[in-house]
Each structure stands twice: as structure tokens, then as C-alpha cells.
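Chemist: Quick one: the structure is below, and I'll ask about it shortly.
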Amino acid sequence: MKLSINMTACEGRGLCAEVLPELITLDDWGFPMLAGGVPPGLEGPAREAVRLCPRLALKLLAHTRSR
Amino acid sequence: MTARPASAQATVADDRVPARLPRLLPDGFSDKPTCLADHLARYGQPVAPAQSSRRREEFIAEVEIAGLAGRGGAGFPTARKLAAVASRRHAIVIGNGTEGEPASTKDKVLLGRSPHLVLDGAVAAAEIVGATEAIIVAHPAVSDIVAAAVSERRRARLDRARLSVVPAADEFVAGEASAVVHWIERGIPTPKPPGRRLSESGLHGRPTLLQNVETLAHLALITPYGADWFSAVGTVAEPGSMLVTLAGAVRYPGVYEVAIGTPVGEVLSLGGGTSGPPGALLVGGYFGTWVDSVRAAGVPLSAAGLQQVGVGVGAGLIAALPANACGLAETARIARYLASSSAGQCGPCVFGLDAIAGQVERLADGRGPDMARLHRWLGQVGSGRGACKHPDGTVRMIASALALFSREIDHHVRGWCSGSASRAGLLPVPAWSLR
């Protein structure tokens, strides 16, 4: 599993970093920075972070995919 | 290696096959577009359409053997893009001649001088992927020339594929692939968030082949003349020729066509060499890398060659500074321009690049920059977080400046600048981005 942020939707509300500080930190302007993959033990909090994002900007992906 | 397909046979008399450079641009001085009659006299009639799927596969195999890679900056193998789109229905072709980079002129010069070669390539690409339509997005400075060339072909009933021209948005980020699609669809020249590949779902959801216009021009010549002809110049790993823009402190700035692998110093001497003692070069574009010109002189202009000095080919720009110019002042102007060119969609780009440009300006002006913060911000903003690579490219360019101009940074921190050249700036940025 891997977290992904649509940065065009993100407004830096910061809830994700509060729920999942192990994997999400904030940059100097309050926008989230992600660690790599989600270890099995943190899948629950990761799902919670995705659910709480008021901008629906955070996603949990089964595998990596890019354009 | 695959067996050479029948399509490899040259379909025109050998004396018409351009045996030397330039291949893409008019041979000799010309400031006018090559008309259709002159174009056909030079290159022959475009090859017959690829009506069967087997013939399309042969064309793609030929492009693969030729080793053509994209000339818009990313250098992606063209045959792989062709194959990805050819396997789908209702495909469409887009030729990207947006060229939003202020210092680069190679796509404008190509479209302005050899519009029919790009159109030949667009038609060939359409035939190969089974598309009936191709759109050329051309920089506004040359879009009328391309539109006139399209009308000329329509009157001559030359093409089966329907060609059209869309004037590009004249903005830096407008040339990014998804931004080009966004511009055609909705008149908004900003990148779209990463999603499905354009080859799967691009313009209006259709499988889309998007190629830089120079790539299309090369494709137009590979289809009739074959892979062997194409790879007669260039390196084994990177065959063919490429267009290079020489800018800045060069005696004759402009666009030159060179064999890939030509040493950087030789490329510069095509433009009469640097005016005055050479200083640093910015190679690749404003997303490129600063490198010492003496160190770069003997390095082959190819991805593999430039990699030895930590540089990428990018879109083929070499901008030269004279030894008496301040590289930090130039970097600050470009950084401010790039920060102002953010599409404004992603927070780290909007706030981060502005803050970074501010620190680089303080550094250039000797106003006591906070170097620790600057380095932290470069790490935060340049780590692939945005919808496009605008912040990443900007950060790469600035980081290379901080590495190359480290002695000058020491001077600036102590309050003096070793640059004696005019502070007005040598590398072009639009007036609106100047402080």
C-alpha cells in the first residue's frame, strides 16, 4: 500500500499529519510530505487519514502508478 | 534486432535523401517558411499510408531500430509511445510546439522554417497509430505560418488525416504534456493532476499520442528514409541529429542542428563561440543544470555524455554566461520568473518557489540570505510532490547554481560580487517577471 496526495486539491489543513505522524510530516508552509510505502501495521491509521481529509486529496493506492 | 521491414526501402531517389546536416532546417540561410513545392522537391512525396495493422507494426519497428527519442526534454523512446497508442481505437495525435521556455527557440524556428516537415511527421504519426486527426499546438509567434501550411496541403489534397492548428498559450508551464491537453480541451494551460497515461486517456478521453514537434520532424524522415539513414549520424546509443538553441553570451545566438554527441565546445563554436572569456553554461533549459564551460567543452552533447558532468540534455538549450557575469544574479532572475510561472495549483509550488526565489534574490543582492532555510526548502519543494515537475525542475536548476557558484556565494555573503558585467541580465525572462 502507498499513500498519494493530489496536491492540486490539498489546502494544507494538516489533519492527515495529526492522524499519521509516522508517515506524514508538514513542510514549512503546512503542506504534507509523505514517507514511502505504508507498513502493514499502519494501514488502519492510513485509512483513517484518508477518510478525514476534508479535501479528499489523500488516497491509499494498492500499487504505484504514474502517468 | 528485428528483421528490416520492407518500409525501410527509401522511396525517393537517393540524391534527394539529405546526406548531411541540416536535415530538418533549410540548407543555407532562410528566414521564410519553406513552401510545399520546395518541401516536396527536397524530401519527396510523403510515404504511402499505413493501411494495414501489419504495416503499422513495421513502421513502429523501424522507429525502434532508428532509436528515435523525444526531443521535448524527457527523451522518451518514440516507438514505445507509438506502440502504446497504436493498440487502441479512436486515437488522436498532438504535435507539441508550445515551447514556453523563454530562452529556447528551436521549435519556433523549426515550425517557422520547415512547417511541412512537422506536418509530414504528424500525418505519419497519425497513420502509424491509426488516427484520422492531428492537432499542432504552435507557439503564437509561428501558429499563422503553420496554419498557412495546413491550408496549402488541404488545397493540394495531400493528406488523408485531418490537420488543424491551435495557437499555444504563451506560458512556461503550458508546454507540459497534460497542460497541452488541458489547453486544447478547456483553454486552461495548466497541468492536470497525475492520472491515467495520455496514451490511454488523453484529449477528451481519447488515446493520445503527444510528441514534441521536432520529434515529429525526425519521424517524418525515418518513415521514408529508414533507420540506417537516421542513425548515420549521432552516437550508437542516441542516434540522429538534434536542434540546439544557443543563447546568452554567444557571438551568433540562434538554432543549430548538430549530430548528437558533438562536443559542447564544438556546438558553441557553430555560434561563433562565446563572446568574451567563457564562464558558466546553463544546459538543458531553465530546468537545466549550471556547469563550468571549460569542464563541459569536451563533453559530448548527448544524454550519456552530459551525465558524466551531472547534466541533462533537456530541450537542447545551451545558454552561456561570460566570465565577468554574476551567475547568482542570473539564477535569481530565472528563479523569480519560474516561481511567477507556477500554475498556482499546488501549495508547495506556490509558496515554496516564491520563498526560495526570495532567498536566492537575497543571496544575489548580498542581503544576507538564510542558507540553511534555502537548502531545507529546496529539499522540501523539489521532491516530486506536485501535479507536474515545475517545482522539481526549478529546484534542480537552483541547486546546481549553488553548487557551481559556491565561491561566488562566499563573496556575496561577505558583501561583494565579482561580476563586472551589467546587472541587467543576459538570459531572457519576460519583463513582467522582473522586480
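Chemist: Of the residues B:P46, B:P102, B:P18, B:P77, only one is modelled with pLDDT under 90 and more than 17 Å from B:V146 (Cβ to Cβ); which?
Modeler: B:P18
Chemist: Here is a follow-up. Mind telling me which of the residues B:A315, B:A303, B:A323 ends up being farther than 27 Å from A:D28 by Cα and buried (at least 23 other Cβ atoms within 10 Å of the Cβ)?
Modeler: B:A315
Chemist: Would it be correct to say that B:S164 is in the same structural domain as B:R71 (by TED's automatic domain parsing), over 18 Å from B:P102 (Cβ atoms) and touching a helix residue (DSSP H, G or I) at 6+ places or on another chain (Cβ under 8 Å)?
Modeler: yes
Chemist: Next question, about the same structure. Inspect region A:36-45 for any residue being more than 20 Å from B:P191 (Cα to Cα), exposed (fewer than 14 other Cβ atoms within 10 Å of the Cβ) and within 14 Å of chain B (Cβ to nearest Cβ) and give the result as yes or no.
Modeler: yes
Chemist: Hey, could you check region B:362-391 for residues that are surrounded by 17 or more Cβ atoms within 10 Å (Cβ to Cβ), at pLDDT 95 or above and under 28 Å from the mean Cα position of the chain (by Cα) and say which is nearest to the other protein chains (Cβ to nearest Cβ)?
Modeler: Step by step, filter region B:362-391, then rank; the result is B:Q380.
Chemist: Anything in region B:310-362 that is in a loop (DSSP other than H, G, I, E, B), under 30 Å from B:L270 (Cβ atoms) and either free of Cβ contacts under 8 Å to residues at least 12 places away in the same chain or in contact with a Pro (Cβ under 8 Å, 6 or more places away or on another chain) (or both)? List them, or say none.
Modeler: Scanning region B:310-362 gives B:A323, B:N324.
Chemist: Next up: For region B:115-129, state whether one or more residues are in a loop (DSSP other than H, G, I, E, B), modelled with pLDDT under 95 and of a type outside the set (A, V, I, L, M).
Modeler: Scanning region B:115-129, I find no residue that is in a loop (DSSP other than H, G, I, E, B), modelled with pLDDT under 95 and of a type outside the set (A, V, I, L, M), so the answer is no.
Chemist: Which numbered condition trips up A:R67, out of (1) surrounded by 15 or more Cβ atoms within 10 Å (Cβ to Cβ); (2) at pLDDT 95 or above; (3) not small (G, A, S)?
Modeler: A:R67 satisfies every listed condition except (2).
Chemist: Could you check region B:26-83 and list, in sequence order, the residues that are outside any loop (DSSP other than H, G, I, E, B), more than 23 Å from the chain's Cα centre (by Cα) and closer than 18 Å to B:L119 by Cα?
Modeler: If the condition is that a residue be outside any loop (DSSP other than H, G, I, E, B), more than 23 Å from the chain's Cα centre (by Cα) and closer than 18 Å to B:L119 by Cα, then B:L36, B:A37, B:D38, B:H39, B:L40, B:A41, B:R42, B:Y43, B:F59 are the ones that fit.
Chemist: Only one residue in B:S406, B:S420 is of a type in the set (S, T, N, Q), without any contact (Cβ under 8 Å) to a residue 40 or more places away in the chain and farther than 28 Å from A:N6 by Cβ, so which one is that?
Modeler: Sole residue among the options that is of a type in the set (S, T, N, Q), without any contact (Cβ under 8 Å) to a residue 40 or more places away in the chain and farther than 28 Å from A:N6 by Cβ: B:S406.
Chemist: Could you say which residue among B:S164, B:S151 is assigned to a strand (DSSP E or B) and surrounded by fewer than 18 Cβ atoms within 10 Å (Cβ to Cβ)?
Modeler: Of the residues listed, the single one that is assigned to a strand (DSSP E or B) and surrounded by fewer than 18 Cβ atoms within 10 Å (Cβ to Cβ) is B:S164.
Chemist: Hey, can you tell me all the residues within region A:3-25 that are more than 8 Å from the chain's Cα centre (by Cα), surrounded by fewer than 21 Cβ atoms within 10 Å (Cβ to Cβ) and either under 19 Å from B:W377 (Cα atoms) or within 13 Å of chain B (Cβ to nearest Cβ) (or both)?
Modeler: Once the filter is applied, which keeps residues that are more than 8 Å from the chain's Cα centre (by Cα), surrounded by fewer than 21 Cβ atoms within 10 Å (Cβ to Cβ) and either under 19 Å from B:W377 (Cα atoms) or within 13 Å of chain B (Cβ to nearest Cβ) (or both), region A:3-25 yields A:N6, A:A9, A:E11, A:G12, A:R13, A:G14, A:T25.
Chemist: Moving to a separate point now. Answer with yes or no whether B:G298 is surrounded by fewer than 17 Cβ atoms within 10 Å (Cβ to Cβ), touching an Asp or Glu at 6+ places or on another chain (Cβ under 7 Å) and either part of a loop (DSSP other than H, G, I, E, B) or outside the structural domain of B:I409 (by TED's automatic domain parsing) (or both).
Modeler: When the stated conditions are applied, B:G298 does not pass them.
The values are calculated or read from the model by the stated rules, or taken from the named source; none is laboratory data. Given the structure is predicted, the values throughout are model-derived calculations rather than measurements. Backbone-built Cβ (ideal geometry, glycine too); neighbour counts: all protein chains shown.
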